[in-house]
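Since the structure comes first, as structure tokens, the remarks are kept for the end.
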Amino acid sequence: MDNPEFDIAITGAGPVGSALALLLARHAPDPGRIALIGKHFQDDTEAGGLPVPDNSPDPRSLAMNHGSRMLLEQLNAWPNKAASIETVHVSQRGRLGRTLIRHDEMGVPRLGSVVAYPDLVAVLHEALAASGVTLIEAPYVRTLAARQAHLNAAGRDIVSALAVQADGHQPDGLQREYNQHAVLATVRASQPMARWAYERFTDQGPLALLPHPQGGDLYGVVWCCAPDHAEALRRLDDAAFSAALTATFGDRLGALSSLGLRHIFPLSLHAGPLLVNACTIAIGNAAQTLHPVAGQGLNLGLRDAVQLSQALAPWLCRPRQDPRPVLEDFARRRRHDRWLTAGVTDFLPRVFSTRNLLVEHASGASLLALDLLPALRKPLARHLLQGLRT
């Protein structure tokens, strides 16, 4: 049997994989025996695959809930620029009913924050450089064997006692295609509402406007709609796109003016098994990819990382022991939070886009009930804030 070079090898150096490496480094007797394998460590400007022109607001905005921000602050990995969300306004286009979720009602300083993707990755990698974790830059990784975590990272053979997949996804598990694409854009509002975020449901999918970390009058747009409509929106000039967005969103923020590039990507649900084999576990995007409604994907992945680091802390002191019982227990403990979050983010975009008048009116009535009855609203808001704790 090969002698492991590392105790744990993590593939995927995005926010979830990087946060896990930082968490494990705090528990490990020798952080150097934790390997983080990723595509970019030196130049993080291209880490998300979407280059952004100079002086243009970055459209890759991430909504981080209160629990995620607390975690990253504890890891000294919170970006300098962030836009706070204190109120979330939820509505349905063309139907009555809306609800407001406020931070003071939940007893927190803010419901969440919005950061730019490259800023978050850069500060995580800066913290990793000082953590003692071994950083391995490789454009691709292949699994060669399952008896140990035997990997090939761009030609380099790596043997680890345990592997964590934090990037890509598995072919097995639940999959659903939404027949929706998301349009990412940045806009300027003529009448901005400080620290307000908006989720507006349309018959083609949800439309979110999030306060942008690069300016008080800027908003990050995530517009989910049919693929052909998304492509048409991407090709519009700024004036035509601004007019279409204002017509769909309404005049709550005044006139909306498009800035910079727009990008589109397809939306789907994938939720596979956490336990890949006896010595490999999947977390984050490798375990589940969710619809972006309510911005729960990254927050769920960070909860994966926290609980996995807690589960592996005792094992790191005895890495020669069989890791499978630890990994099986972790997978069991994560089941309820994963499936509840996936269920909520799967249900919302589908029920609001049925184009069935009865269902649409019932959905509007549900929003009104949430607004009038805190006993209904608070459990949902609490889950979106911090997930289901076990």
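Coordinate-derived values only; no laboratory data. Keep in mind it's a predicted model, so treat the numbers as computed, not measured. Cβ: placed from backbone, ideal geometry, glycine included. Neighbour counts: every protein chain shown.
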Item to complete: Would you order C225, C317 from fewest to most other beta-carbon atoms within 10 Å of each residue's own beta-carbon?
Response: C317, C225
Practice prompt. Give me the net charge of L274's neighbourhood, meaning all other residues with Cβ under 14 Å from the Cβ of L274; Lys, Arg count +1, Asp, Glu -1.
Written response: +2
Practice prompt. Sticking with the crude label model, points 7 Å out along Cα→Cβ, report the distance from A278 to A243 in nm, one decimal please.
Written response: 6.6 nm
Practice prompt. Please report, in whole Å, how far the alpha carbons of the stretch 279-332 spread along each principal axis, starting with the longest.
Written response: 41, 15, 15
Worksheet, complete the sentence: If each K or R counts +1 and each D or E counts -1, the residues other than Q288 whose Cβ falls under 9 Å of its Cβ total 0
Worksheet item: Using a Förster distance of 51 Å, how high is the FRET efficiency between A313 and M193, based on the Cβ-Cβ distance and rounded to 0.05?
Response: 0.75
Fill in: Relative compactness, the stretch 206-248, computed as alpha-carbon Rg over 2.2 N^0.38 Å
1.22
Fill in: Additional length obtainable on full extension of the chain from K81 to R332, 0.36 nm per residue less Cα span
86.7 nm
Worksheet entry | From the C-alpha gyration tensor of the stretch 159-228, square roots of 5λ in Å | 33, 20, 9
Practice prompt. Take every Cα-Cα pair in the stretch 229-302 and report what % of them are more than 14 Å apart.
Written response: 71 percent
Worksheet item: Say R0 is 56 Å: what FRET efficiency, to the nearest 0.05, do L236 and D30 get from their beta-carbon distance?
Response: 0.55
